[in-house]
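**Student:** Got a structure for you, written out below as structure tokens; questions coming shortly.
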Amino acid sequence: MTPLSFQAWQLPDEMWKKDRAKVSINELSQIGREVTSDWLLFTDPKTLAVDPNARAPFVYITREGTQGILYVGIPVVDDSPKLGGVSRGDDELNPIAFRKGRRFGMKGLVPTLGNDQKER
């Protein structure tokens, strides 16, 4: 467990918002790389270099047992969107929002038979 009191695994980039309706938490953690730092930031699997501006999907299990997928998106650099605009595409990849900061999205995993979990 990290000091954040949960376990997390960085998933390969090709897993970004991929439909995984029938995949278990065990399968996701097997294909991911365990996070051992205090931060959920993209880490290059070959060089282990951290890129704080890159997107990265993570699967996690909290100390209370809650399981899910966290999509750490890109930084918001423009906080001047036009009112009444329509969001198109993946919001976690949009650098424009009402406040600067970091985009992220979450998906919960729901229990099935046994200890495996499935995505909602």
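The values are calculated or read from the model by the stated rules, or taken from the named source; none is laboratory data. Predicted model only: the values in this text are computed from it and were never measured. Virtual Cβ from ideal backbone geometry, glycine too; neighbours counted across all protein chains shown.
**Student:** Here's a check for you: in segment 60-108, which residue that is among the aliphatic types (A, V, I, L, M) and free of Cβ contacts under 8 Å to residues at least 12 places away in the same chain is nearest to VAL35 (Cα to Cα)?
**Tutor:** VAL86
**Student:** Test of understanding: among ARG55, ARG88, ARG103, ARG63, which residue is out of contact with any Cys (no Cβ under 7 Å at 6 or more places or on another chain), exposed (fewer than 11 other Cβ atoms within 10 Å of the Cβ) and at pLDDT 85 or above?
**Tutor:** When all the criteria are applied, what remains is ARG63.
Residue-wise test of (1) modelled with pLDDT of 85 or more; (2) surrounded by 12 or more Cβ atoms within 10 Å (Cβ to Cβ); (3) within 12 Å of GLN10 (Cβ to Cβ).
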residue	(1), (2), (3)
LEU41	yes, yes, yes
LYS46	yes, no, no
ALA49	yes, no, no
VAL59	yes, yes, yes
GLY73	yes, yes, no
LEU93	no, yes, no
PHE98	no, no, no
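**Student:** Moving to a separate point now. For ASP116, all conditions in the list (1) at pLDDT below 85; (2) of a type in the set (Asp, Glu); (3) surrounded by fewer than 12 Cβ atoms within 10 Å (Cβ to Cβ) hold save one; what is the number of the exception?
**Tutor:** (3)
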